[in-house]
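Every number in this text was worked out from the coordinates using simple rules, so none of it is lab data. A quick note: this is a predicted structure, and the numbers were derived from the prediction, not measured. Cβ placement follows ideal geometry from the backbone for every residue including glycine, while neighbour counts extend to all protein chains displayed.
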Amino acid sequence: MLSPQSRPANRVGSLFGGILTHSWRRSPEALECSDATLAELLPLLAGSMSGALAWWRVRNTPHLRASPPGLELQETYRFHSIRTALREHTIKQVLAILSAMGVEPILVKGWAAARLYPEPGLRPYGDIDLVVRPEQYSTAIAGAKDAGGEYYVDVHDGVGHLDDRSFDDLFERSSVAKLDDVDVRVLSPEDHLRVLCKHLLHHNAFRPLWLCDIGAAVENREANFDWDRCLGRHKRRADLVACAIGLAHVLLDAEVADTPVAKRAATLPSWLAPNVLKQWETPYSMSQAPVTHQAPMSKYLRDPRGLVADLRRRWPNPIEATVYVGGPFNELPRWPFQVGECVGRAARFVARLPRALRKD
Amino acid sequence: MKNPAQRPMPAARQEGLLVRELNDETLVYDLHRHKAHCLNSTAALIWKYCDGQTSESDIALLIEGEQNTPVHPDVVRFGLLQLKHTHLLETQMTRTPSGAGLSRRDLIKRLGAAAAVGLPLVTSVLAPRAVEASTCLGPGASCTVNAQCCSGVCAGVNCT
């Protein structure tokens, strides 16, 4: 595991990882750090929805539990516990409405990930992601709108960028989990873990909570877990999944010793973990594209001021670029993939340009 | 003023609440008022036994049995007043004639400092709805920049 001392350049990220180590377990080790360190990390923990998990570790350390940052984490834990209860209330409502409409969605991420934690409130989520058959998409959207209230229910017509399998394939292997007395269809454990891994790397692993999800999914798997199904036949995509699990091992000490990815976890490309730790210095969606973009590119056609600075902001992260172009996770430099992603984006921009200009 | 003997038995409110039991406390969200409350273990026990059939003194006895420690009926009364104040009781409770002596400080004075640990406590918790309403805009809301939207995407003039 990386220690704060071993990588001073990524001190904050390493500390973050240290606090969340094993935090998805029922009885994680008591956290050993100073009040000052915890206070320093508090805004990052609370702002990245990791505060409740941090409390789960802090609660067993008397001097931290009673400290001001410890008490704040406890408040965060309470807040997220209530918030999760509200989300579950919405899930029940939306599933009842969709069921009446003849739609049976698969719930992905969010609650499906949270149910693997000792308490659902430890793993907060914003959206309720529901995947439906493409032909039922518009019906499901209307139903979700009725039920969702102010909370965001996100309906997807298929798993899109999250997976390369068809809805029917995923549905066939899916199972039903209980939310009190309500049946919730979730992905099979193998598909669930694969989707978590792809989602993590697709978003540069910027949110530490997502890596905890992987730790929870790996450590809570049943003895009959089908690794072939999880990793799939496509060698490069399987390696992507293995690398994501490897990150959970290297940064959060997830137990992978008895898995087929153990060897890969020990030989991750040297750029990968430091890059994730750097992301964890600002683990907010506000720090990610497209929120960081100053303006749409089409704006610069009329007024090029600020273009160079904004282009710099758009230079892709090595992880995102590798995933975008489907490149290998190896020791080779990342810049060709980063250039590749820029070219791909530029091509898409040019293709959409006539329509954007007509709109203006 | 009502005779205490005629006072209706306290009954916990059932409708419009989301309840989450944690290790040593209970969280309650009021779906009507959009307020969240945290009940410590004693307050949660008092609330649990508010079934509309059990008197305050019987609740005290039941809690004594669970906690293996003497519970003064005024402690139960103190908890009930807090539960009433936070709209977690159905029954309208009449404040006891000696209600003025039912503050936390008075109880500690009367029952001893050690009793403070076991006193019922109902505190407010930051309510998610208020926070979410103040931090980001939901889908369809008018926006000018991505950062205003919960989804992180302001498409045109509306959040996605």
**Q.** Amide H contacts of B:Leu89 (H built 1.01 Å from N, under 5 Å, at least 5 apart or other chain)
**A.** B:Arg13
Q.
Antiparallel versus total DSSP beta bridges in the protein assembly as shown: what percent is that, nearest 5?
A. 80
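By the scheme Lys and Arg +1, Asp and Glu -1, what is the net charge of all other residues having a beta-carbon under 13 Å from that of B:Leu119?
Working: positive: B:Arg77, B:Arg104, B:Arg105, B:Lys109, B:Arg110; negative: B:Asp74, B:Asp106.
Taking every other residue near B:Leu119 into account, the sum is +3.
Report the calculated FRET efficiency for A:Thr292 and A:Ala351 (r = Cβ-Cβ distance, R0 = 25 Å), to the nearest 0.05.
On the way: r = 23 Å, r/R0 = 0.93.
That gives a FRET efficiency of 0.60.
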Q: Grab the Cα-Cα distance for A:Trp315 and A:Cys342, subtract it from 0.36 nm times how many residues apart they are, and report the gain in nm with one decimal.
A: 9.0 nm
(Q) If each residue of separation counts as 0.36 nm, what is the full-extension length gain between B:Ser103 and B:Glu64 once their alpha-carbon separation is subtracted? (A) 11.9 nm
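Nothing charged except the Cβ atoms of Lys and Arg (+1) and of Asp and Glu (-1): what's the magnitude of the dipole of chain A about its Cα centre? Round to the nearest 20 debye.
On the way: 45 positive and 42 negative charges, 272 e Å.
With Lys and Arg at +1 and Asp and Glu at -1, about 1300 debye.
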Q: Name the residues whose placed amide hydrogens come within less than 5 Å of the amide hydrogen of A:Arg185, ignoring near sequence neighbours (fewer than 5 apart) on the same chain.
A: A:Leu107, A:Ala177
**Q.** Hz values of 3J(HN,Hα) by residue in the range A:242-247 - Karplus curve (6.51, -1.76, 1.60), Gly and Pro given as x
**A.** 4, 5, 5, 5, x, 5
Q. If you plug each phi of the range A:276-282 into the Karplus form 6.51 cos²θ - 1.76 cosθ + 1.60 with θ = phi - 60°, what whole-Hz ³J(HN,Hα) values come out, in order, with x for Gly and Pro?
A. 5, 4, 5, 4, 6, 6, 9
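Would you tally the net charge around A:Ala140, using a Cβ to Cβ cut-off of less than 14 Å, leaving A:Ala140 out, and scoring K and R as +1, D and E as -1? If you can, show how the numbers build up before the last one.
Numbers: positive: A:Arg133, A:Lys145, A:Arg185; negative: A:Glu104, A:Asp129, A:Glu135, A:Asp146, A:Asp154, A:Asp157.
Spelling it out: positives minus negatives among the neighbours equals -3.
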Q: Fewest Cβ neighbours within 10 Å first, please rank A:Glu119, A:Glu255, A:Glu331, B:Glu56 accordingly.
A: A:Glu331, A:Glu255, A:Glu119, B:Glu56
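Specify whether the C-alpha gyration tensor of chain A places it in the rounded, prolate or oblate class, a ≥ b ≥ c being the square roots of the eigenvalues: rounded for a/c under 1.5, otherwise prolate if a/b is larger than b/c and oblate if not. Could the numbers behind the result be given before it?
On the way: a/c = 1.34, a/b = 1.07, b/c = 1.25.
It comes out rounded by the Cα gyration axes.
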Q. Going by the alpha-carbon gyration tensor, a ≥ b ≥ c the square roots of its eigenvalues, is the range A:146-227 rounded (a/c under 1.5) or, if a/c is not under 1.5, prolate (a/b greater than b/c) versus oblate?
A. rounded
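Mind checking the full-extension length gain between B:His34 and B:Val19? Use 0.36 nm per residue of separation minus the Cα-Cα distance, one decimal, nm.
Numbers: separation 15, 0.36 × 15 = 5.40 nm, distance 1.31 nm.
Difference between extended and current length: 4.1 nm.
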